[in-house]
1. Pick out the one residue from 574, 611, 524, 617 that is within 30 Å of residue 117 (Cα to Cα) and either small (Gly, Ala, Ser) or buried (at least 19 other Cβ atoms within 10 Å of the Cβ) (or both).
2. Being in contact with a helix residue (DSSP H, G or I) (Cβ under 6 Å, 6 or more places away or on another chain) and of a type in the set (Asp, Glu) is the filter; apply it to the range 506-550 and report the residue that is farthest from residue 168 (Cα to Cα).
3. Out of everything in the range 551-573 that is touching a helix residue (DSSP H, G or I) at 6+ places or on another chain (Cβ under 7 Å) and part of a loop (DSSP other than H, G, I, E, B), what residue ends up being nearest to residue 273 (Cα to Cα)?
4. Quick one: which helices (runs of 4 or more DSSP H) sit completely within the range 211-306 and have at least 3 residues that are more than 28 Å from residue 333 (Cα to Cα) and open to solvent by 50 Å² or more (accessible area, probe 1.4 Å)?
5. Scan 121, 101, 114, 88 and give me the residue that is hydrophobic (A, V, I, L, M, F, W, C), without any contact (Cβ under 8 Å) to a residue 24 or more places away in the chain and not in a helix (DSSP H, G or I).
6. Does residue 583 satisfy being at pLDDT below 95 and open to solvent by less than 50 Å² (accessible area, probe 1.4 Å)?
7. Could you give me the residue pairs with C-beta distances under 6 Å whose first residue belongs to the range 617-643 and is in contact (Cβ under 8 Å) with a residue 40 or more places away in the chain and over 19 Å from residue 580 (Cβ atoms), whose second residue is of a type outside the set (A, V, I, L, M) and surrounded by fewer than 16 Cβ atoms within 10 Å (Cβ to Cβ) wherever it lies, and which are 6+ apart or on separate chains?
8. Which one of these is under 30 Å from residue 263 (Cβ atoms) and either modelled with pLDDT of 95 or more or open to solvent by less than 20 Å² (accessible area, probe 1.4 Å) (or both): 98, 59?
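The values are calculated or read from the model by the stated rules, or taken from the named source; none is laboratory data. Since the model is a prediction, treat every value here as computed from it, not as a measurement. No Cβ is skipped: glycine too gets one built from the backbone with ideal geometry, and neighbour counts run over all protein chains shown. Calculation scope for accessible area: heavy atoms of the full protein, side chains included, ligands and nucleic acids excluded. Shrake-Rupley method; radii C 1.70, N 1.55, O 1.52, S 1.80 Å.
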Amino acid sequence: MKRPAARAGGKGAAGSRARGPSPGDREGKPFSWTWAYAAVALLVLLFLYPIAMGKVFVSPDSVAPAGFSKIATDALVHRHVYPLWNPFHFLGMPTFGSLAFVPYVYPPDALFGFLQEVLRFPKMTWLLAHYILLGLAMLAFLRAAGAAPEGALLGAFTLALTPNLVAVGAFGHGSQIMTAAYLPLLLLLLDRFARRGSWLALAGFAFAAAFQLLRAHVQIVFYSWIALTLYALFLGVTALREGRRAEGVRAFAGLAAGLALGFGMSAFLYLPVHEYAKLSTRGGGEGGGAGLVYATSWSFHPREMLTFVIPSMFGFGGSTYWGSMPFTDYPNYMGIVPLAFAVYGAARTRGVTRTYLVALAAVALLISFGKHLQPLYSLLYYHLPFFNKFRVPVMILVLVQFATAALAALGLTNALQSRSNPAGKGSDSGSAWMRGALLAAVAGFGVLFLINLLGPAVRDYAVRSRQGFDPSHARMALDMASIDAIKSGLFLAAALALVGMARRGRLSRSVAALLIVGVTAADLWTIDRKIIDPQVATPREYDDNFRETPEIAFLKSDSTQFRVFPLRWDDSRLAAFGIASVLGYHPAKPRLYQAFVDTVGIQSFEMLRLLNVKYILADGAFPPGTKDVALRHDGEVKVYEVEGVLPRAFVAHAIRQVRDDGVALAVIRTRGFDPHAEVLWSEPTAASPVSAPGVPDSVRTIRYDFNEAEYLASSSAPGLFVVIDEFDPDWVATVDGAPAAIHRVNYLMRGVALSPGVHRVRFAYAPRALAAGIQISLASVLVGLLLAGWGAWRTVARRAQGGSPAAAAPAVPEARE
């Protein structure tokens, strides 16, 4: 890779040093990398000051999953039970395989727990740490890519605090930002191994891949692997074309070996995830995927690229959003200044890194269009392995944001690298930038004029484009867009003018760069504050979401096993008190449950009885004379009891054999059977003989916990012991200690054959993939440690001999005037 002879900004990864100041230059003291790292960390703390000061986020997505987490964490801490199954939502579902509750799987969790619980660090230290990791790792990657510290500071700060990534943390999707934080680190380590042959870097790459996987946001991991594969392809092909065969081979081999080893280390988590995917809604669509229509619901429309320049062009999320997605809470804005320098960097730098970043941004942007570019998305959906498991195509814009931030760093480096030559008559390399500043300011006001001129037509279009969209919200969105247009023009004008002044020698490069970062910070601050501040609360306010209310006190007084129909479909608060709900939220629900809900529905009293729903919560009174229910608690939230509900566990003495699951659902939907008198059997094998008992059956619950349930059942005749819980192939049963087969009855429930007499029936959830995964993970960790040890020994030995690792030149930008 050809490099410029001299590069501004101090000593970079390639070892080149800053050139001395030429006559007429006001070079000033070079901005050091140490200050760049400190500045990134400081900016993250400044932008996220509420959580640095001990505040927390209370968005609905932050609170929604916390009910189960509270009771599960209590079981883990106080009873040393690791909940692998969640019995409190739907009819039950895996926690580990669905990634709904995976504490202490991610290795840094233990450190954050110590910092927060023992040393009393802020409650969300774990989130702050990953924003800082993202910024610092991006800075290190940009240093290796040839950016000067001033440019790298802009790129790293922009990525860490881009509104999209700030929003996912504020809105309860912390795993998304935590997973994304590893992308620049992985790229850096892969580059180090490919170019230098560092075995220590390969070991680091494998462990970083494992950490990213164990942070458990599979979709961001998948997108990261797309970015890594594309990078290895560019590195490898370039090296092979230029005759560096060993480097090319290492690029491909390092990617394959590192990801394989990283996956092996995380196999104890991902083998259960893979098995559950087959049983979830993510595995029920075309080709075992999520279903193409469902998967592309959150597709990014090409016209919404306008939000890259004017963040509120389609509203600012929430009630003002009038774009094409079902809903969103924030715009996909990256900052007008970084975007402009990214375009400049793409046009004015050379090298494999620049080409890679442009290609990555283009590929990710096209994929984000989803259903709006159906041929491409369908091709990937049907032919790229595992791609069909994911939804929300707009999420891949994280790669566009990464590429934009990196290109912005290269662009600013290039822009500040060249100066006017005092010896050259009539030469002024800053004049074009000053003219650009004037044009940017004029363009901002021009867009303002255009928005106001076309405002009525745009508002009418917005109202027509979304059913029920309020015209007042359309006016509010256009007002915000008008303000954003002026701000974008002025911010861009200020940044371009600063470059012009630096190129004319009126400002030192470092001062100009810091002022440009300040302009960018002011721009992003106004956007990030609108995202962060409404979600901030104190820990006490967060805990108030889980205080015991009168209706919960009433429900807790009932010692029987039952489910409730809650006020909100996604309300998990009840789980914190050990109260099971027939509803709940998870992006990958059990497929049997979802098919039952979609086909049969669960809001009729007949279905509520079938599913053991004893109580309905309501915020108003039922009409007088409503049958089948009785008011049991009269308060702000009323509690109605559904009469005649099936118990959670019972013995059935009549079985109706039906042809298949489709017939079973049809019989249930048409109310073609009495669940109190019989159960539906859709397995191809014949059911065991049953007969009517001479005396009533007796069923007593001995234990009902996260991973097991035990009952004492007495019957005078052969029957089928039925539990109204979700069927899953990883549940095993014993009757009086002897293994017993679990049959799927009533489409989605569990049944075990019983002979006459008194029996102890025990169910245990034992994921087979978990046991196999633990063995693979232990072996992979051992290999990773051996590889790291080998790399460290080679490094020490080489240094002892007075040598240094062979270092090929990293991909650095080539200045172009």
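1. Checking each option against the conditions leaves just 574.
2. Checking each candidate, the answer is 523.
3. 572
4. Passing ranges, in order: 218-241, 245-265, 267-279.
5. None of the other options fit; the residue is 121.
6. When the stated conditions are applied, residue 583 passes them.
7. Listed pairs, sorted by first residue: 635/550.
8. Selected residue: 98, the only one of 98, 59 that is under 30 Å from residue 263 (Cβ atoms) and either modelled with pLDDT of 95 or more or open to solvent by less than 20 Å² (accessible area, probe 1.4 Å) (or both).
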